[in-house]
1. State, to one decimal in nm, how far the label point of D323 lies from the label point of S191, with both points 7 Å from Cα in the Cβ direction.
2. With an 8 Å Cα cut-off and a minimum separation of 6 or more residues, compute the relative contact order for the chain in percent.
3. Provide the per-residue ³J(HN,Hα) series for the range 285-296, in order, calculated from phi with Karplus coefficients 6.51, -1.76, 1.60 and θ = phi - 60°, each as a whole number of Hz, with x at glycine and proline positions.
4. What value does the range 59-197 have for Rg/Rh, both radii from Cα atoms and Rh as Kirkwood defines it?
5. Could you compute the longest span of the chain free of trypsin sites (Lys or Arg not before Pro) located in DSSP loops and having at most 12 other Cβ atoms within 10 Å, not counting the site residues?
6. Nearest 10 degrees, 0 to 90: what angle lies between the long axis of helix 301-310 and the longest principal axis of the chain (Cα atoms)?
7. Let's test the formula: R0 of 30 Å, r as the Cβ-Cβ distance of K243 and D48. What FRET efficiency results, to the nearest 0.05?
8. Could you work out the relative contact order of the range 43-189? I mean the mean sequence separation of Cα pairs under 8 Å and 6+ apart, divided by the number of residues, in percent.
Amino acid sequence: MAIPFKRSAIIALAATIGLLSSGAHAEGKISIAQQFGIGYLILDVVRDQKLIEKHGKEQGIDIEVDWNSISGATAMNEALLAGALDVVSAGVPPMLTIWDRTKGKQNVKAIASLGSMPNYLLTNNPNVKTLKDFTDKDRIAVPAAGVGFQSRTLQIETAKEFGNENFKKFDNISVSLPHPDATSALISGGSEITSHFSSPPFQYQALENKNVHKVLSSYDVLGGQATFNVLYTTEKFHDENPKTYKAFYDALAEAEKIIKADKPAAAQTYIRVEQSKLALPFVEKIVSDPEIDFTITPQRTFIYAEKLQELGVLKNKAASWKDYFFEEAHGGAGS
């Protein structure tokens with residue numbers, strides 16, 4: 001099966017900053033970056049149906065939306081702090097890292113969840129059944145080695161298995177690689193990549209290959225359904241662009257309702273916006289998976305905040321999930 005590639009250009013960080021570094025946008029403009037996979041379906045719906053523009057008009061403003069694609073949380077965070085982007089997206093741990101580092105300065109916080117979905121640690125090595133079976137000969141592909149959602153989730157589980165002092169045990173065999181490339185390597189075999197901490201839809205695609213099996217799910221680590229990706233921005237953008245921010249948040253909320261009302265149509269949107277080569281029934285199956293919830297309400301994010309602070313990754317201790325989400329998200333039953 002062909003691997004789906006997003007047709008919009010992947011912007012290297014330097015190029016991003018060079019092209020977009022005009023500083024904070026005035027009210028009525030927003031630049032957004034997303035990564036790859038069905039975890040960004042809410043944004044695909046927002047983009048496809050021009051929901052930001054729609055909600056902007058309801059407030060009497062025309063909003064210019066600039067969409068970008070970047071692979072990896074590190075590039076996302078650097079672009080946000082450089083002023084190259086207004087809103088970025090990544091897993092919960094990278095968001096918490098930048099919240100921690102900018103507390104009292106840029107004060108970066110999360111806007112909303114993009115949904116709860118499991119991420120699977122996969123391997124084509126038949127000898128690897130549990131974490132204890134990995135050796136120095138294995139290589140685990142992740143989008144952002146050591147710092148991304150997959151790496152931090154692996155570190156938390158590693159701390160459980162091997163003790164907190166060894167939580168970085170598998171960092172030395174982790175390799176940064178975008179999900180599409182890692183999926184190709186895992187399926188084809190013959191490369192140094194023997195494992196991939198994947199995400200939807202790539203993990204389901206890889207599991208169709210008889211040589212690939214699951215070692216671990218992020219839900220196993222977190223104790224149930226949990227937020228995968230979040231959107232986040234700086235306090236400056238939040239405070240200086242109230243109408244644009246509200247239009248964006250309202251657009252996200254509407255996209256959630258649209259997806260839940262008609263999942264087959266949402267699957268079609270994913271294929272159209274991402275220009276994916278995946279079969280529609282395959283995408284429909286993923287969108288309808290009971291393990292997946294396309295919701296803007298954060299779920300089990302505080303587990304990361306607590307554990308990463310305990311491991312010394314975060315300096316600041318959050319009292320609750322509301323400490324690192326802007327107030328617009330506080331009305332839901334988050335966690």
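The values are calculated or read from the model by the stated rules, or taken from the named source; none is laboratory data. Because the structure is a prediction, the values reported are computed rather than measured. Because the Cβ atoms are built from the backbone with ideal geometry, glycine has one as well, and the counts that use them run over all protein chains shown. SASA here: full protein model, heavy atoms, side chains in, ligands and nucleic acids out. Shrake-Rupley method; radii C 1.70, N 1.55, O 1.52, S 1.80 Å.
1. Taking the two extended label points, one gets 3.9 nm.
2. Relative contact order comes out at 28 percent.
3. Karplus values, whole Hz, x for Gly and Pro: 4, 5, 4, 8, 4, x, 6, 10, 10, 7, 9, 8.
4. 1.04
5. Of all site-free stretches, the longest is 8-104.
6. 60 degrees
7. Once the sixth-power term is evaluated, E becomes 0.85.
8. Over the range 43-189, the number comes to 21 percent.
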